[in-house]
């Protein structure tokens, strides 16, 4: 007898990257945060917010933020669902679409939280390995024909992408078969988006977050774009009030300031190209990234040793136990100064 | 073929009480919010918070708030789990402990979100009717011997309570059988708490929220008290970062100001007694409440008509379709002025 379900007792909890104390003294390139602060419009919205307003429940539809997203993207409000981070949306999708007897597919290696959701739901897991050089395993995902297919695009930790055409082919193949969830957490740093697919495919859900491009990881705010019929099912599985008032107001302010976000993204993309070139000059292998991080292999493949040495020195990067990743590091793009300091330590 | 699980497609979404626009002009006694603003310490914490801090992920352990709860309650930090409102904790419990073949019990009528969670999990539902005058159906819940027993205490919408002794008897009976979740959302307005039970019973989880006593419904913050072994299982089912930085900081500030909270609670309890007496003088039946609302039956039982008339007049109270409740209204305790206005309209 156990008070909890057998699959829960047996599973390991998802382990996020370290959040060390004393941020001022360390260089944190391990959890893909934006090195620049959020838009000044966020500080203004915070200053204008009255604490007294918190007395009542928030708008369950998160109307201020959803209107901002609708206005900026030109997507109907009925196709937008806000949530407490995109991890909240992944939970909603798992609860609505997964159970024992249903299946989950994703390219591997990827964001481990998809596997976490599949294990909680007791769903069958079909990890489809990437093709060589982490190119997108389109045919493998079509053949998997899963109830829910998760595609992080750009993918973490590889930084690589599927083309919108590939995603559309996958959506078409999965029609009547299962959901295609395109997790665009890093899309602000990429060249293309699948955000228009849901208007044509009733089985596509695109996830976005304000944690990366908008520098709001500490706020917790994400959103889904999908057809109203799909959002109606997700809605049934959410917390009654899953987004607080501050996220609604501050998130809207950040989202309406596209110019500020794009300026930061341009800086980060330029730094990404520079860091990639500099690492290659040191003999590292760097995979082409469309995200705010790069996956890179040191010349001797001694990723774990370098990770530990850097950490002892106050520089945090991400190391994964996954067999395919054990000789590589994922390095978040920092400020120019942070990247230079990182290069100095490994050079 | 459906993209979603059959039980999700078939179920109705939980419908929260109306959140009408134009709060200044209406009297909102329908969702058990606190009529007084949060502690001035919350406004100070908000003013001191730098928007730039939101750039990075929050502490997944929500350490500032958890330390405040631990200090104030004298409960070990290892026995406290913060969450995005107590509805987030109910979701975590359902994911960790419920599935087809497991069962849920609760006294009825109660908070409908327990049934929502059972339906999502496809668990068997055992609603145990209250004894006459809404007294606690202890034996019925013992006999149900469910995998998870939910007891809202004080209960909504009745305002009635189980004694701590009854809850301890239930916990003892359910040992080795299932979890007892004591939802203390309204405990700040009650005479007793079961918060010490988890230290003696490994199967008891006590839920608390800052939405009611602390006037922070718009912030989204709750917490569970349970033994570390139980919290370890819940932890596996949560979002990676389920509580944002602002909730961590503002929640801690509110929780450390017990004096302010208690002063508001004293006012609300006095208003609750006065409103009960005044309604009884008008011929209404009022059940004894230990919450910040009362359940009351108008002399002619025409609750729905009164609800609609009041709403047309800008006064919102709560009406439930449940057969046992169709002749009653749940009225949140407002300010003295709001309660007087409500009485004037029905008098």
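Here, each number is a calculation from the coordinates, and none is a lab measurement. Keep in mind it's a predicted model, so treat the numbers as computed, not measured. Note: ideal-geometry Cβ built from the backbone for every residue, glycine included; neighbour counts use all protein chains shown.
Mean projection of the Cα convex hull over all viewing directions, computed for segment A:1-151: 14.7 nm².
What number, in percent, do you get for the relative contact order of segment B:40-256 if the mean sequence gap of Cα pairs under 8 Å and at least 6 apart is divided by its residue count?
Relative contact order for segment B:40-256 comes out at 29 percent.
The distance from the alpha carbon centre of segment A:117-195 to that of segment B:270-347 is 53 Å, rounded to a whole number.
Label-point spacing at residue A:125 relative to the other copies reads 3.3 nm, in ascending order, each point sitting 7 Å out from Cα along Cα→Cβ.
Rounded to the nearest 0.05, what FRET efficiency is calculated for residue B:192 and residue A:10 with R0 set to 45 Å and r the Cβ-Cβ distance? Efficiency at R0 = 45 Å is approximately 0.75. For a test of the definition: using alpha carbon positions, the gyration tensor, and the 1.5 limit on a/c, classify segment B:82-126 as rounded, prolate or oblate. Oblate, since a/c reaches 1.5 and b/c is not below a/b.
Shortest first and in nm with one decimal, please list how far the residue A:145 label point sits from its counterparts in the other copies (point 7 Å along Cα→Cβ). Distances to the matching label points in the other copies: 4.4 nm.
Helical content of chain B, expressed as a calculated mean residue ellipticity at 222 nm, amounts to -11500 deg cm²/dmol (DSSP H runs of 4 or more residues, -39,500 (n - 2.57) each, divided by residue number, nearest 500). Need one word for segment B:152-288: rounded, prolate or oblate. Basis is the Cα gyration tensor (sqrt eigenvalues a ≥ b ≥ c); a/c below 1.5 gives rounded, then a/b vs b/c decides. Note, shape of segment B:152-288 comes out oblate. Applying 0.36 nm per residue to the separation of residue B:327 and residue B:302 and subtracting their alpha-carbon distance, the gain on full extension is 8.4 nm.
The modelled label-to-label distance for the pair residue B:177/residue A:263, using points 7 Å beyond Cα in the direction of Cβ, is 6.5 nm. Shielding value for A:171-184 is 1, the average number of Cβ atoms from other chains within 10 Å of each residue's Cβ. Averaged over peptide B:115-121, the number of partner chain Cβ atoms lying within 10 Å of each residue's Cβ comes to 2.
Largest GNM mean-square fluctuation across B:310, B:180, B:29, computed for chain B with C-alpha springs under 10 Å, falls on B:310. The protein assembly as shown gives an Rg/Rh value of 0.98, both radii derived from C-alpha positions and Rh following Kirkwood.
Using only alpha-carbon positions, what ratio does the radius of gyration of chain B give when scaled by 2.2 N^0.38 Å?
It is 0.99.
Note on residue B:169/residue B:76: beta-carbon distance plugged into 1/(1 + (r/R0)^6) with R0 of 22 Å gives a FRET efficiency of 0.30. Counting every other Cβ atom within 10 Å of each residue's Cβ, B:87, A:71 order from fewest to most as A:71, B:87. Cα centroid separation, segment B:44-84 to segment A:44-100: 22 Å.
A point 7 Å from Cα along Cα→Cβ stands in for residue A:228, and the other copies hold the same point at 5.1 nm, listed in rising order.
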